[in-house]
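J.: Pasting a structure below so you can have a look.
The values are calculated or read from the model by the stated rules, or taken from the named source; none is laboratory data. Quick caveat, the model's predicted, so the values are computed rather than measured. Please note: Cβ atoms are built from the backbone with ideal geometry, for glycine as well, and neighbour counts cover all protein chains shown. The area values use the complete protein model at the heavy-atom level, side chains included, leaving out ligands, DNA and RNA. Shrake-Rupley method; radii C 1.70, N 1.55, O 1.52, S 1.80 Å.
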Amino acid sequence: MGKLLNGGLAVGGTLLAFGALKRALNPRPRYAPWEKPRYEDFEKRVCIVGGGFGGYSAATKLTELTNGREDVGVLVIARDNFFTFWPMVPGIVSSDIDSRNVAQPLRRALITAGASFRRAKLKEIDHENQRIVTDGGLDFPYDQLVISLGGQPNFFGIPGVEEHALHMRGVEDAEHIRNRVIERFEEVSLMRGEVPESKLTFVVIGGGATGTEVASEIHTLVHEALAPDYPNIDPNRVRIFLLEGLPQILPELDPSLQRAARTRLFNEHIEVMTSTFAEEVTEDQVRLKGGDVIHSENVIWTAGNRPNVAIHDLGLPVDERNGIKVDEYLRVEGFPGIWAIGDCAAIRDIREGFEGRYVPPTAQAAGQEGYTVAKNILATLDGREDELEKFAYKPLGQLVELGSDFAVNEVMGVRFSGLAAAIFWRLAYLVRLNSPQSKIRIAADWISALFVRPAVTQVRGTSQE
Ligand SMILES: Cc1cc2nc3c(=O)[nH]c(=O)nc-3n(C[C@H](O)[C@H](O)[C@H](O)COP(=O)(O)OP(=O)(O)OC[C@H]3O[C@@H](n4cnc5c(N)ncnc54)[C@H](O)[C@@H]3O)c2cc1C
């Protein structure tokens, strides 16, 4: 009898725990479908354009702050219906991370939080009627408007870059890079005789965090995933160059971490060239300032970003290099009720010692700006303008992963590198992912990679034959 009771309690406890876990992973939406007023019908309407780090954090903070209130409606409008978790995008190149886990469903998260979502592209702002106009000619009203359109690559007018180089500004770009490497391996495995050097030479231009991670991911792809499947290609024939115009790669990191990263890249036979400028990119070569040439049909540009050019059509004041001009409260200068954050906004860094500089275009900064703008918008809607907060950027550090077993990290002044840093990188970003599905799948992939050698395929449509 006692055994039966214990068994029953164990089964009941397991079922309860299972139910609690399921509820925690699937929070109920704030509104049931029949409860939620249309966005247009809310008394105070906040429209957020852009569903990236800035826009998403602004929307979720605002819904959190207005939980229990029925007067504030939040609408997010974005070109894509997914949220790109940028720090993990380079991992797609080696297939360490699956694209669908990096492109997280935006609708689910926003609807659960109590906001509305429409996938549309912003075209212009009808300032007079306080409406935004999207590509299909639809318009949406706002009382407060947040612009967070992100950035795009900047090619600085260098001949051939836009035409011949791959870039790294989205999930699909990372997939293109992976497919390019696989494509070259397929081509070379069919070649008889001399293989041109340019086929298996990969040149990453830009030695910031993205470029350095991409170079390392290409190395991982070649040596861990492709080498066993292409026994007729010596992986050591593959040359990977990382070009940087400054005297050091990863310029925003401490010199001790720069050295650790350089040593890692050296051990991976990645050829780092600093104080080196690409002057022209053609179909099969990169011409460097000074006349040297690298023969490569595979160039990846990560050397520059700029604010999204769409901001020029909005009738707002724009600083060409840094984005929409805002004051220290993130209000667009001269346009009450309009705010700008993230990579498309020129936000002055008000920290001591940073006078005259702008807040860097990072996910961290965009997320913090989203929180500040949410609080300031609510204060404005409630007539508490005297409570507006100035935006003060608080950098928490930087994490750069170079392969699955090595990273260089600086977290709140503490610097560390190696395997422990790589584990920290993984845990820190796993926690920060929004989608529980992505968290579970990525963790499962990482665990399985400890036991099973990674395998990649290049999915091609017949139209590409
Ligand atoms: C490969 C890569 C790796 C990175 N890694 C890191 C990192 O590890 N750590 C870090 O701090 N930062 C990192 N960054 C920088 C970081 O991603 C950006 O600073 C951050 O995403 C900026 O947030 P945002 O909201 O301004 O733009 P985004 O996050 O890019 O979001 C822009 C949003 O605007 C939408 N949009 C664009 N145009 C339109 C339009 N016309 N109409 C409607 N919607 C539009 C998009 O769909 C998207 O929802 C990385 C960047 C890249 C490219």
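J.: For region 122-135, what are the residues that are within 12 Å of the ligand (Cβ to nearest atom), open to solvent by 20 Å² or more (accessible area, probe 1.4 Å) and free of Cβ contacts under 8 Å to residues at least 60 places away in the same chain?
T.: Result: VAL133, ASP135.
J.: From the residues in region 323-342 that are under 30 Å from GLU175 (Cβ atoms) and outside any strand (DSSP E or B), which one is farthest from the chain's Cα centre (by Cα)? Show your work before the answer.
T.: Step one: list which residues in region 323-342 are under 30 Å from GLU175 (Cβ atoms), which gives 323, 341-342.
Pick out the ones that are also outside any strand (DSSP E or B) and you get 341-342.
Details: ILE341: 15, GLY342: 12 Å.
So, considering only residues that are under 30 Å from GLU175 (Cβ atoms) and outside any strand (DSSP E or B), the one farthest from the chain's Cα centre (by Cα) is ILE341.
J.: So in region 296-313, with the set limited to residues that are near the ligand (Cβ under 9 Å from one of its atoms) and part of a loop (DSSP other than H, G, I, E, B), which one is nearest to VAL326 (Cα to Cα)?
T.: ASN308
J.: How many residues does region 392-447 hold that are closer than 22 Å to ALA365 by Cα and open to solvent by 60 Å² or more (accessible area, probe 1.4 Å)?
T.: Looking only at that region, the number is 11.
J.: Among the residues of region 39-51, is any farther than 26 Å from ILE311 by Cβ, part of a loop (DSSP other than H, G, I, E, B) and not hydroxyl-bearing (Ser, Thr, Tyr)? Can you show your working first?
T.: Looking only at region 39-51, we keep the residues that are farther than 26 Å from ILE311 by Cβ, and these are 41-43.
Checking the rest, the ones that are also part of a loop (DSSP other than H, G, I, E, B) come to 42-43.
This time we only want the ones that are not hydroxyl-bearing (Ser, Thr, Tyr), so: 42-43.
Yes: one or more hits.
J.: Can you name the residue in region 37-82 that is among the small types (Gly, Ala, Ser) and out of contact with any Gly (no Cβ under 8 Å at 6 or more places or on another chain) and, of all such residues, is most open to solvent (accessible area, probe 1.4 Å)?
T.: Step one: filter region 37-82 for residues among the small types (Gly, Ala, Ser), giving 50-52, 54-55, 57-59, 68, 73, 78.
Subsequent filtering for residues that are out of contact with any Gly (no Cβ under 8 Å at 6 or more places or on another chain) retains 51, 68, 73.
Numbers: GLY51: 10, GLY68: 67, GLY73: 1 Å².
Selected residue: GLY68.
J.: It is to be established whether one or more residues within region 421-429 are in a helix (DSSP H, G or I) and more than 16 Å from the ligand (Cβ to nearest atom). Can you show your working first?
T.: Of region 421-429, the ones in a helix (DSSP H, G or I) are 421-429.
Those still in the list that are more than 16 Å from the ligand (Cβ to nearest atom) too: 423.
Within region 421-429 (the criterion being in a helix (DSSP H, G or I) and more than 16 Å from the ligand (Cβ to nearest atom)), the answer is yes, since at least one residue qualifies.
J.: Here is a further query. Restricting attention to region 279-301, which residues are under 13 Å from PHE156 (Cβ atoms) and within 25 Å of the chain's Cα centre (by Cα)?
T.: Passing the criteria: only TRP301.
J.: Quick check: is even one residue across region 232-244 within 16 Å of the ligand (Cβ to nearest atom), open to solvent by less than 10 Å² (accessible area, probe 1.4 Å) and modelled with pLDDT under 95?
T.: Within region 232-244 (the criterion being within 16 Å of the ligand (Cβ to nearest atom), open to solvent by less than 10 Å² (accessible area, probe 1.4 Å) and modelled with pLDDT under 95), the answer is no, since none of the residues qualifies.
J.: Would you say ALA261 is open to solvent by less than 20 Å² (accessible area, probe 1.4 Å) and either small (Gly, Ala, Ser) or part of a loop (DSSP other than H, G, I, E, B) (or both)? Explain how you work it out, then say what you get.
T.: Details: open to solvent by less than 20 Å² (accessible area, probe 1.4 Å): yes; either small (Gly, Ala, Ser) or part of a loop (DSSP other than H, G, I, E, B) (or both): yes.
For ALA261, the condition - open to solvent by less than 20 Å² (accessible area, probe 1.4 Å) and either small (Gly, Ala, Ser) or part of a loop (DSSP other than H, G, I, E, B) (or both) - is met.
J.: Does PHE202 satisfy being of a type in the set (Phe, Trp, Tyr), assigned to a helix (DSSP H, G or I) and surrounded by 20 or more Cβ atoms within 10 Å (Cβ to Cβ)? Quick ask: steps written out before the conclusion?
T.: Details: of a type in the set (Phe, Trp, Tyr): yes; assigned to a helix (DSSP H, G or I): no; surrounded by 20 or more Cβ atoms within 10 Å (Cβ to Cβ): yes.
For PHE202, the condition - of a type in the set (Phe, Trp, Tyr), assigned to a helix (DSSP H, G or I) and surrounded by 20 or more Cβ atoms within 10 Å (Cβ to Cβ) - is not met.
Quick grid of which residues meet (1) of a type in the set (Ser, Thr, Tyr); (2) more than 21 Å from ALA374 (Cα to Cα); (3) modelled with pLDDT of 95 or more; (4) open to solvent by less than 50 Å² (accessible area, probe 1.4 Å):
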site	(1), (2), (3), (4)
ASP319	no, yes, no, yes
ASP327	no, no, yes, yes
LEU330	no, no, yes, yes
TRP339	no, no, yes, yes
GLY342	no, no, yes, yes
ARG348	no, no, yes, no
GLU355	no, yes, no, no
TYR358	yes, no, yes, no
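J.: Return the only residue of PHE156, PHE140, PHE117, PHE83 being in contact (Cβ under 8 Å) with a residue 12 or more places away in the chain and within 9 Å of the ligand (Cβ to nearest atom). Before the answer, list the steps.
T.: Values: PHE156 fails: within 9 Å of the ligand (Cβ to nearest atom); PHE140 fails: within 9 Å of the ligand (Cβ to nearest atom); PHE117 fails: within 9 Å of the ligand (Cβ to nearest atom).
Exactly one residue qualifies, and that residue is PHE83.
J.: Looking at region 343-355 only, could you name the residues that are touching a strand residue (DSSP E or B) at 6+ places or on another chain (Cβ under 8 Å) and either within 11 Å of the ligand (Cβ to nearest atom) or part of a loop (DSSP other than H, G, I, E, B) (or both)? Lay out the reasoning, then the answer.
T.: First pass over region 343-355, keeping only residues touching a strand residue (DSSP E or B) at 6+ places or on another chain (Cβ under 8 Å): 343-349.
Residues satisfying the conditions are ASP343, CYS344, ALA345, ILE347, ASP349.
J.: Right, something else. Quick one: what pairs do we get from region 90-110, first residue more than 15 Å from LYS439 (Cβ to Cβ), second charged (D, E, K, R) and assigned to a loop (DSSP other than H, G, I, E, B), C-beta under 8 Å, 6+ apart or different chains?
T.: Here the result reads ILE92/ASP98; LEU106/ASP80, each pair linking region 90-110 to a residue that is charged (D, E, K, R) and assigned to a loop (DSSP other than H, G, I, E, B).
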